[in-house]
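Below: the structure, in structure tokens.
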Amino acid sequence: MGVIIGVFLLAGIVKGVIGLGLPTIAMGLLSTSMEPVAAASLLIIPSLITNIWQLLIGPQFMALIKRLSGFIIGVMLGTLFSFLPSLTSASRWTLPALGIVLIIYGIWGLVAKKMPSSEKYETWLSPTVGYITGVITAATGVFVIPAVPYLQTLKLNKDELIQALGLAFTASTVALAIRLSIDQQQYDINWSLSAFALIPAIGGMYLGQYFRQIISEKVFRRCFFIGLTGLGIYMAANLAFR
């Protein structure tokens, strides 16, 4: 129980400071001490509630839903009909795959400066990126790749981007919950424990919003992505020692 509180408190702080990272941090840390499917099930309520909160505070709710409808449909299809082994399959590749996703995301966060614009290709690119994101979500429980880099190429302003991230993560969380519910004959979701994890997650978000005012977001982001890359390397390396 102490591990769950500590992990979701830390993940909430990160999300409060930089607007994302709760499922990534939580999956990465929890998967080192429990089965990835168990870690993903704990994420459902904290991720859903915090992302709905993030989604609703922006000014472009309906406009973004209309604009990103193809992306949302792609996420749903990719998560429900993934061609990769799912979290419930107990595949030996799940943890290393999650590690690789974290490494990619961490390195991208360190080196990315100005993203190119993809608005010209948005009609077909949104459902494609959504589908790939869904496939990775079903296999690893992490839904940042390639969704986050893609959303940054749409040239949204700061408030729109934060709201778009909330929309993308909400859709991914719902899709993952449906996938895990379908596979419930293999694994029973602990809804009460997931609801409990919401408490430290929200507490962490409030702390993160406070820390955002007193520390440099640039420095924090760099430390976050370096730590994320290191965690991904550790998880991916597990395959070599099995």
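Key figures for this structure:
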quantity	calculated
Residue in the range 145-157 that is farther than 22 Å from residue 29 by Cβ, in contact with a Lys or Arg (Cβ under 9 Å, 6 or more places away or on another chain) and of a type outside the set (D, E, K, R) present	yes
Filter pass, residue 179 being among the basic types (Lys, Arg), in contact with a helix residue (DSSP H, G or I) (Cβ under 8 Å, 6 or more places away or on another chain) and either open to solvent by 60 Å² or more (accessible area, probe 1.4 Å) or not in a helix (DSSP H, G or I) (or both)	no
Subset of the range 133-159 that is assigned to a helix (DSSP H, G or I) and open to solvent by 40 Å² or more (accessible area, probe 1.4 Å) - its residue that is modelled with the lowest pLDDT	158
Neighbours by Cβ (under 7 Å, 6+ apart or cross-chain): first from the range 192-213, at pLDDT 90 or above; second of a type in the set (Phe, Trp, Tyr)	197/8; 200/8; 201/8; 204/8
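The values are calculated or read from the model by the stated rules, or taken from the named source; none is laboratory data. All values reported here derive from a predicted model rather than from experimental measurement. In this analysis, Cβ positions are derived from the backbone assuming ideal geometry, glycine residues included, and neighbour counts consider all displayed protein chains. Surface accessibility is based on the protein's heavy atoms, side chains included, excluding ligands, DNA and RNA. Shrake-Rupley method; radii C 1.70, N 1.55, O 1.52, S 1.80 Å.
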